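Written out below as structure tokens is the structure these notes cover.
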Amino acid sequence: MPDDTLSNLYQELLLDHYRRPRNRGKLPNYDVCIEKKNPLCGDEITLQIDFQGDTVANVGFTGQGCAISQASASMMTQLLKGRSRAEVEALARRFTEMLHGDDTAARDAALGDLRALAGVSRLPVRLKCAMLAWGALAEALAAPAK
Ligand code: ZN
């Protein structure tokens, strides 16, 4: 498949998550709620996680901003449910590697739809947009367990 077709598919996927965000909304019960802003672009994300012991039982987000920031949050939440903290941390590391131009990470099936954001590694000004939800996730993981 030629590269431009692949990037068109990725563009479609990104816009699909932007228009129909997964796991968007407030949770009835949650352990952590983290709000993050990216003033450079005007992006906002509020992430809520309901932990069951060591596992992410449920996750939801609300927010507004550019397509990259909102799609990244949507794609991220899609991969979190049922994962342990260690698995979520490994995912976050892999995603960060991809955004820093790691080609093997960009092809890693573990990243699911997030691979659509691989091109952001060539757009340094958009890194903060793509990382916003992940900053919230890192703070959520660091929050004391209840
Ligand atoms: Zn943005």
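The values are calculated or read from the model by the stated rules, or taken from the named source; none is laboratory data. These numbers come from a predicted model, not from an experiment. All Cβ positions, even for glycine, are placed from backbone atoms using ideal geometry, and neighbour counts span all protein chains on display. Note: accessible area is taken over every heavy atom of the protein model, side chains too, but ligands, DNA and RNA are not part of it. Shrake-Rupley method; radii C 1.70, N 1.55, O 1.52, S 1.80 Å.
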Name the one entry in Thr77, Thr96, Thr62 that is open to solvent by 20 Å² or more (accessible area, probe 1.4 Å), closer than 22 Å to Arg20 by Cβ, more than 15 Å from the ligand (Cβ to nearest atom) and among the β-branched types (Val, Ile, Thr). Thr62
Residue list for region 20-34, restricted to those being more than 16 Å from the ligand (Cβ to nearest atom) and surrounded by 11 or more Cβ atoms within 10 Å (Cβ to Cβ): Arg22, Asn23, Arg24, Lys26, Leu27, Tyr30, Asp31, Val32, Cys33, Ile34
Just to be sure, is Ser121 farther than 18 Å from Asp31 by Cβ, outside any loop (DSSP other than H, G, I, E, B), touching a Phe, Trp or Tyr at 6+ places or on another chain (Cβ under 9 Å) and of a type outside the set (A, V, I, L, M, F, W, C)? no
Name the single residue that is nearest to the ligand (Cβ to nearest atom) among those in region 101-110 being more than 15 Å from Leu14 (Cβ to Cβ) and open to solvent by 20 Å² or more (accessible area, probe 1.4 Å). Gly101
Going through region 35-59 in order, the residues found to be open to solvent by less than 20 Å² (accessible area, probe 1.4 Å) and within 18 Å of Leu132 (Cβ to Cβ) are Asn38, Asp43, Ile45, Leu47, Gln48, Ile49, Val59
When you go through (1) free of Cβ contacts under 8 Å to residues at least 40 places away in the same chain; (2) under 15 Å from Glu35 (Cα atoms); (3) among the charged types (D, E, K, R) one by one for Lys128, which number turns out not to apply? (1)
For region 111-146, which residues satisfy the criterion of being open to solvent by less than 20 Å² (accessible area, probe 1.4 Å), within 16 Å of the ligand (Cβ to nearest atom) and farther than 18 Å from Asp16 by Cβ? Leu132, Trp134, Ala136
Residues located in region 8-19, provided they are of a type in the set (A, V, I, L, M) and open to solvent by less than 40 Å² (accessible area, probe 1.4 Å): Leu14
For Ala57: the one exception among (1) in contact with a Phe, Trp or Tyr (Cβ under 8 Å, 6 or more places away or on another chain); (2) within 16 Å of Gly112 (Cα to Cα); (3) more than 16 Å from the ligand (Cβ to nearest atom): (2)
